[in-house]
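Student: Can you keep this structure in mind? I'll have questions shortly.
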Amino acid sequence: MNILFVADPLEVFKTYKDTTFSMMREAQRRGHRVAACEPCHLSWRGGDVVKARVREITLTGTLDEWFQVGHEGVRALKDFDAIIMRKDPPFDSEYFYATHLLEQAEREGARVFNKPASLRDHPEKLAIMEFAAFTSPTLVTRDEEDVKQFHAQHKDIILKPLDGMGGMGIFRVGADGLNLGSIIETLNRGGTTTIMVQRFVPEIAQGDKRILVIDGKPVPFSLARIPQGSEIRGNLAAGGKGVAQPLSKRDYEIANALGPVLASRGLLLVGLDVIGDCLTEINVTSPTCFQEITQQAGFDVPAMFIDALEAAMAD
């Protein structure tokens, strides 16, 4: 296969942990050709097909100067066998526009994973609301009074922006309600911005588990991102420690319930975030943790992903 990865600049990859890098490495190991571009390299001229300025690359096998560029030029997206959308959040206007260009490329015959329309339809925090049976009590609102009533009911709560990533902008307010009004004002910007509020799940002390689901099937190990010190955030970007561990019975219950539904919508790779027994996020843009799970648990996650990609292309 000839595979195009739409991703962040190759030069900023942290290859010792980067999931997209591990996908590329496994694809090349199997003899597939690898190319890369950034969303800013996509273009669509009226009357023509969607194209991009791409770089064909060869992985060198080292982690420093890890790739060599072969041919570089403008190519039609439909000429690739598969396109893997791996641009990291935030899901901003430019990401939104990129999904529209990729969707047009689909209409022209391209195969894009994850499906662009499904990337738009599954905002990573809001997507859990469809599966309330698996979540902690949750409220999405702009209204300050709604938040205060939710706090009065549940006492210990988490507030977060809908567009946050890496644990940014997450606040915990306990039973004393200290600074609740100020935190609401900060997050909802005077009632102009929608936020998410959830009942605090104390099992965060044992980790925020990332469960990877590939073509509807769960990877049998999660990566528990465990908060350090006085932190309540387990995100690796916020200093959490990642520990691979087998899925629990509840983890499998959640993954097996959501996996086939999400796969049927064109989401080949999904990252479910679970704290204790509660689903907290559904990550679809660029789920990570391939290398950490592979290195610690010995389960080859990149191989499972490329297996699924090859099977999808054979359909």
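The values are calculated or read from the model by the stated rules, or taken from the named source; none is laboratory data. Since this is a predicted model, take the numbers as computed values, not measurements. Note that each Cβ is placed from the backbone with ideal geometry, even for glycine, and that neighbours are counted across all protein chains shown.
Student: Which count do you get for residues in the range 254-277 that are in contact (Cβ under 8 Å) with a residue 60 or more places away in the chain and not in a strand (DSSP E or B)?
Tutor: Within the range 254-277, residues that are in contact (Cβ under 8 Å) with a residue 60 or more places away in the chain and not in a strand (DSSP E or B) number 10.
Student: Kindly list, by first and then second residue, each pair from a residue in the range 278-295 that is at pLDDT 95 or above to a residue that is among the hydroxyl-bearing types (S, T, Y), limited to pairs with Cβ atoms under 6 Å and residues at least 6 apart or on different chains.
Tutor: Sorted first by the residue in the range 278-295, then by its partner, the pairs are C278/T135; C278/S136; L279/T135; T288/T19; F290/T19; F290/S22; Q291/S22.
Student: Can you name the residue in the range 164-210 that is farther than 26 Å from T288 by Cα and among the hydrophobic types (A, V, I, L, M, F, W, C) and is also surrounded by the most Cβ atoms within 10 Å (Cβ to Cβ) among such residues?
Tutor: I184
Student: Something else about it: Applying the selection to the range 211-231, what residues are crowded, with 16+ Cβ neighbours inside 10 Å and either in a strand (DSSP E or B) or modelled with pLDDT under 95 (or both)?
Tutor: Residues of the range 211-231 that are crowded, with 16+ Cβ neighbours inside 10 Å, as a first pass: 211-216, 218-227.
Within the range 211-231, I211, L212, V213, I214, P218, F221, S222, L223, A224, R225, I226, P227 meet the criteria.
Student: Still on this structure, I have one more. Restricting attention to the range 50-74, and to residues there that are buried (at least 17 other Cβ atoms within 10 Å of the Cβ) and in contact (Cβ under 8 Å) with a residue 40 or more places away in the chain, which single residue is farthest from T99 (Cα to Cα)?
Tutor: W66
Student: Which residues, counting only those in the range 122-163, are buried (at least 19 other Cβ atoms within 10 Å of the Cβ), β-branched (V, I, T) and farther than 15 Å from C278 by Cβ?
Tutor: Within the range 122-163, V147 is the sole residue that qualifies.
Student: Name the residue that is nearest to T62 (Cα to Cα), counting only residues in the range 1-43 that are part of a loop (DSSP other than H, G, I, E, B) and of a type in the set (A, V, I, L, M, F, W, C). Break it down into steps so the answer makes sense when it comes.
Tutor: Step one: filter the range 1-43 for residues part of a loop (DSSP other than H, G, I, E, B), giving 1, 7-9, 13-18, 30-32, 38.
Narrowing the set further to residues that are of a type in the set (A, V, I, L, M, F, W, C) leaves 1, 7, 13.
Numbers: M1: 23, A7: 20, F13: 13 Å.
Applying the filter and picking the extreme gives F13.
Student: Hey, another quick one. Name the residues in the range 246-255 that are within 17 Å of I128 (Cβ to Cβ) and either among the aliphatic types (A, V, I, L, M) or touching a strand residue (DSSP E or B) at 6+ places or on another chain (Cβ under 7 Å) (or both), would you?
Tutor: Within the range 246-255, the first condition is being within 17 Å of I128 (Cβ to Cβ), and the residues that meet it are 250-251, 253-255.
Result: D251, I254, A255.
Student: Return a yes/no flag: does the range 107-120 have any residue that is outside the structural domain of V270 (by TED's automatic domain parsing), farther than 21 Å from V261 by Cα and not in a loop (DSSP other than H, G, I, E, B).
Tutor: Checked the range 107-120: at least one residue is outside the structural domain of V270 (by TED's automatic domain parsing), farther than 21 Å from V261 by Cα and not in a loop (DSSP other than H, G, I, E, B).
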